[in-house]
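Input: a single structure, listed below in structure tokens.
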Amino acid sequence: MSNPQTNFPRTNILGFPRIGQNRELKKVLEAYWAGKASESELQSTAKDLRAKHWKLQAGALQINGNTKGLDFVCVNDFSFYDNVLDLAYALGAKPKRFENLDGLEGYFALARGHKSGVACEMTKWFNTNYHYVVPELSIDDSYRADASGIIAQYKEALALGYKPKINLIGLFTFFALSKIQKGEPAEVFKKVKSAYLDLIDELATLKSGGNEVIIEFSEPIFVRGFDAGIFGLECSKGGSAIKCIYDSITEKGITAIVSTFFEHSKELTEILLDTKIYGIGLDFLTGAKNFDSLEAIAKSDKVLFAGVIDGRNIWVANLESKLSTLEQIAKIVPKERIVVSSSCSLLHTPFSKEGEESGKIPSEILSWLSFAREKLSEIVLLNEVFRNGVTSETKSAWEQNKEANLSRAKSTKTNNPKIRERVEKIAKKERDSEFKKRIAIQREVLGYPDLATTTIGSFPQTPELRALRLGYKKGEISPSEYEKGIKEYIIDCVRFQEEVGLDVLVHGEPERNDMVEYFGEQMEGFVFSKNAWVQSYGSRCVKPPIIYGDVARPKAMTVEWITYAQSLTSKIMKGMLTGPVTILNWSFVRDDLSREAVCKQIALGIADEINDLQNAGVKIIQVDEAAFKEGYPLRAENIKEYERWALESFKISTAVAKDATQIHTHMCYSEFNDIIKTIEALDADVISIETARSGNELLKVFKSVGYANEVGPGVYDIHSPRIPSVEEIVAQIKALLEVLPKEQLWINPDCGLKTRKWEEVKPSLKNMVEAVKVVRKG
Ligand code: GLN
Ligand code: ZN
């Protein structure tokens, strides 16, 4: 492949989902962890999955009885848990607490914990909902490469007759995502680098059979404008450390492609073009500025892996418009140096549409969807037409794609003039009065004390409750039986909260399977697949709602349950909703309308619900924005714009609340320090927010910049089964009182209690209420 003129590749993906069409990997992993499957069963399922996925890649498109496929199959995109963890393990980056463990036992210990120590942390992979295991690095540790796992998979692919390409996380991305436990970053880097280069050496031995060893390095950190200087990384030969490393890598005689995705990587592209790598992969969907790099690419000798098929979305590609993108690129970069590629790994899309015909998605909408397997054929078809134009061979597939796009554009399902007009003409975007005036009225009407106690909404989801909901969904439990069961649960929740003495009660959310799905199922514009699972972490998969059309809320979604709960008590019952930004960020969103417009449609639906709730006498309504932070763009330059419409959407949803109706919101899981002013601008009367796990970082912010509205910084961490003592909570409340006055403070746990057991929740909340009493006494 060193001579692009004669033997250049044409098609590529950055990885395929590994969980399996029917989540085979999930099932065997969980059986293995439970001691119900042997290691060899686990390995053999994994081998079958790889073979199956390679076969799909190599035979992506059937036209006129001919099979056409991708130029390579991806090797090492498979993982038992996570690719970052795989690389850490292959480099011997194992925390000391696991040093005596090896093989799969050691591997899973890092991921899931072990009796010899707690698991490594896990966090989100850039702005996706995929979580990677955070490697722990230390100057005290030594690193040693072991490429045997990758080599074995490579040979597996060769033996099956495929041409493999190895997918590997780049050294800089790996390093930047790791946690350095001890030592100067530059010193730790040297150690890791040397193991990484050894790993490449080992992989380069695969050349021996006359193979060309192709490695695609994923460097998404480069879209953050990665600056090697901040780690003190230098090149002994002078110049950029990035150039230095990639030159050392190519010296080993492998064919290197370096790919970035999820945004543009303009600054780093320049450096990469100055190295001896073979190809550069860029995302032309979310990284429009990558077009600015085309001239420089043309001048270089690099092959451009052009990410034009969306690896993160589920919509059928508009191949005509993709073709024109490619042609636009080809005006600058010679066609024979352009590879048609996915924008990122297909890991973020479900496996295949196959089987959905028997599900709930109407066939018209189904024709607009394209999952991982279908995307493979889009890439091959697009490439055929890009090289040869539409031929008799490709004509019918091409026409079919055109039709799907046309039907989507013209359908009344995607264009509801009434909804569009309503969004255009939104008049009410703010509450009637300012916070100061509102809170005075609310305090008067609601009469809650300082340091008022409440919870975030959900109570333990027991197996009986899950069985009740499932049975009802399947039609095995009658509506009246279901209603009775839910009501009984609500009664129990109310009684318990009264007994323990909480000030503001919740109904416990027993009717909700998931905080987004529950609302999506009741709104127009959403569909739910049967099997469109996407890996979230390890064996855990999620099935996000699909927003295909204009969104509206035809009728009240929560009023009956909340008013029922209120009827059981003379205390205040808090209504519970999910906010528009969170519904958006946790769904697959249509790509034929701006996210802003979709978010505002959802916001209006939530506004309608708030209005119904307050008219039904509900006085406090919480609008959860658990995923507000997740939507933040990767590049600083885009943040303002996201904040503008996300903020606007939240405010549109709550503007209908009368002065006397108190709006709460809740956020979890993230660092809020830099965005506290944005959160304040949401103008919720009360926010409950996580602080415990972030080591009280937020308290420092409250102290330095202040916070205007009422706030309930979680006083204990619900993510662990531990029961916090009264003393501990007293100490936490006292710490809060150092930075915020008691009139502004609410006392609550840091998130919903659905994942906990009653045995944990009851004493914890009892201690929380007790702690407040202690503090009040002084
Ligand atoms: N109200 C939801 C609950 O209590 C909030 C969940 C969340 O913040 N993730 O479960
Ligand atoms: Zn939460």
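Roughly what % of DSSP beta bridges within the chain run antiparallel, to the nearest 5? Mind showing how you got there, number by number?
Values: 14 of 70 bridges.
Rounded to the nearest five, the antiparallel share is 20 percent.
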Suppose R0 equals 35 Å; then what is the FRET efficiency for E483 and K115 from their Cβ-Cβ distance, rounded to the nearest 0.05? 0.20
For S358 and S536, what does the FRET efficiency come to when R0 = 25 Å and r is the distance between their Cβ atoms, rounded to the nearest 0.05? 0.50
Calculate the all-directions average of the projected area of the range 1-131's alpha-carbon convex hull, and give it in nm². 11.4
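So which trypsin sites (Lys or Arg not before Pro) in the range 555-592 are both in a DSSP loop and have at most 13 other Cβ atoms within 10 Å of their Cβ?
Working: sites: K555, K571, K574, R590; in loops: K555, K571, R590.
Listed in order of number, the matching sites are K555.
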Label model pair A467, S324: point-to-point distance (7 angstrom along the Cα→beta-carbon line) in nm is 5.8
Mind jotting down the distance between the C-alpha centroids of the range 44-91 and the range 573-606, whole Å? 35
I'd like the antiparallel share, as a percent to the nearest 5, of DSSP beta bridges with both residues in the range 658-776. 0
Tensor-based shape of the range 103-210 (alpha-carbon gyration tensor, a/c under 1.5 rounded, otherwise prolate or oblate): prolate
What whole-number value in Å² describes the accessible area per residue of the range 492-553 for a 1.4 Å probe? 29
Solvent exposure of the range 269-383 as accessible area per residue, Å², 1.4 Å probe: 33
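What percent do you get for the relative contact order of the range 1-100 when only Cα pairs under 8 Å and 6+ apart count?
Relative contact order comes out at 27 percent.
Can you give me the % of accessible surface on the chain that is carbon or sulfur? Probe 1.4 Å, all protein chains present, nothing else counted. Intermediate results must be reported in sequence, preceding the final value.
Numbers: 15270 of 30760 Å².
That share works out to 50 percent.
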For the residue pair R495 and F528, what label-to-label distance in nm results when each label sits 7 Å from Cα along the Cα-to-beta-carbon direction? 3.0
Over its Cα atoms, what ratio of radius of gyration to 2.2 N^0.38 Å does the range 186-238 give? 1.45
Spatially proximal lysines relative to K429 (Cα-Cα < 24 Å; intrachain offsets below 8 disregarded): K418, K437, K555, K574, K600, K619, K629, K640, K651, K658, K677
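Kindly provide the GluC sites (Glu not before Pro) of the range 318-354 that DSSP labels as loop, not H, G, I, E or B, and whose Cβ sees at most 15 other Cβ atoms within 10 Å.
On the way: sites: E320, E327, E336, E354; in loops: E354.
Passing both the DSSP loop test and the Cβ count: E354.
At 0.36 nm per residue, minus the direct Cα-Cα distance, what do N415 and S567 gain on full extension? Give it in nm, one decimal, please. Write out the running numbers ahead of the final one.
On the way: separation 152, 0.36 × 152 = 54.72 nm, distance 4.05 nm.
Between N415 and S567, full extension yields an extra 50.7 nm.
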With r as the distance between the Cβ atoms of K777 and N513 and R0 = 35 Å, compute the FRET efficiency 1/(1 + (r/R0)^6) and round to 0.05. 0.25
State, in angstrom, two size descriptors of the range 213-350 derived from its alpha carbons: Rg to one decimal place and Dmax to the nearest whole number. 15.0, 48
Using alpha carbons only, how many angstrom separate the centre of the range 205-230 from the centre of the range 402-433? 43
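Treat every Asp and Glu Cβ in the range 400-541 as -1 and every Lys and Arg Cβ as +1, leave all other atoms uncharged, and give the resulting dipole magnitude about the Cα centre to the nearest 20 debye.
On the way: 25 positive and 23 negative charges, 215 e Å.
It works out to roughly 1040 debye.
Cα convex hull of the range 477-539: how many Å³ per residue? Could the numbers behind the result be given before it?
On the way: hull volume 10.7 nm³, N = 63.
Measuring per residue, one finds 171 Å³ for the Cα hull of the range 477-539.
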Within the range 729-778, which trypsin sites (Lys or Arg not before Pro) sit in a loop by DSSP and count at most 14 neighbouring Cβ atoms inside 10 Å? K757
For W746, W758, give me the order by solvent-accessible area with a 1.4 Å probe, most accessible first, ignoring ligands, DNA and RNA. W758, W746
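Would you mind calculating the gained length between E476 and E212 on full extension (0.36 nm times residue separation, minus the Cα-Cα distance), in nm to one decimal?
Full extension from E476 to E212 adds 89.2 nm.
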If you average the sequence gap of Cα pairs under 8 Å that are 6 or more apart and divide by the length of the chain, what percent do you get for the contact order? 11
Set of aspartates and glutamates near K484 by C-alpha distance (under 12 Å), chain-local residues within fewer than 8 positions excluded: E511
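Which order do you get for L168, L273 if you rank them by accessible area with a 1.4 Å probe, largest at the top?
L273, L168
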Along principal axes, Cα extents of the range 146-290, largest first, whole Å: 44, 38, 28
Which distance in nm do the two modelled labels at A31 and E697 give, with both placed 7 Å along the Cα-to-Cβ direction? 4.2
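Placing unit charges on C-beta atoms (Lys and Arg positive, Asp and Glu negative, everything else neutral), compute the dipole magnitude of the range 533-599 about its Cα centre in debye, rounded to 20.
On the way: 8 positive and 5 negative charges, 65 e Å.
Its charge dipole is roughly 320 debye.
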Computed on alpha carbon atoms, what radius of gyration and Dmax characterise the chain, expressed in Å? 27.4, 85
How large are Rg and Dmax for the range 470-603 when only the alpha carbon atoms are used, in Å? 17.1, 51
Mean ellipticity per residue at 222 nm, deg cm²/dmol - from DSSP H runs of n ≥ 4 across the chain, formula -39500 (n - 2.57): -12500 deg cm²/dmol
Any lysines with Cα under 20 Å of the K26 Cα? List them, leaving off those in the same chain fewer than 8 positions away. K36, K47, K52, K124, K353, K530, K543
Packing-ranked peptide list from 628-635, 598-605, 148-155, 385-392, highest mean Cβ count within 10 angstrom first, is 598-605, 628-635, 148-155, 385-392
Which order, highest average first, do 40-52, 191-203 follow once you tally other Cβ atoms within 10 Å for each residue and take the mean per peptide? 191-203, 40-52
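How high is the relative contact order of the range 413-520, given as a whole-number percent (alpha carbon pairs under 8 Å, six or more residues apart)?
Values: 59 pairs, mean separation 34.9, N = 108.
Relative contact order comes out at 32 percent.
The values are calculated or read from the model by the stated rules, or taken from the named source; none is laboratory data. Everything numeric in this text was worked out from a predicted model, so none of it was measured. Glycine gets a Cβ as well: all are built from the backbone with ideal geometry, and neighbour counts include every protein chain shown. Remember, those area values only see protein heavy atoms, side chains included, never the ligands or the DNA or RNA. Shrake-Rupley method; radii C 1.70, N 1.55, O 1.52, S 1.80 Å.
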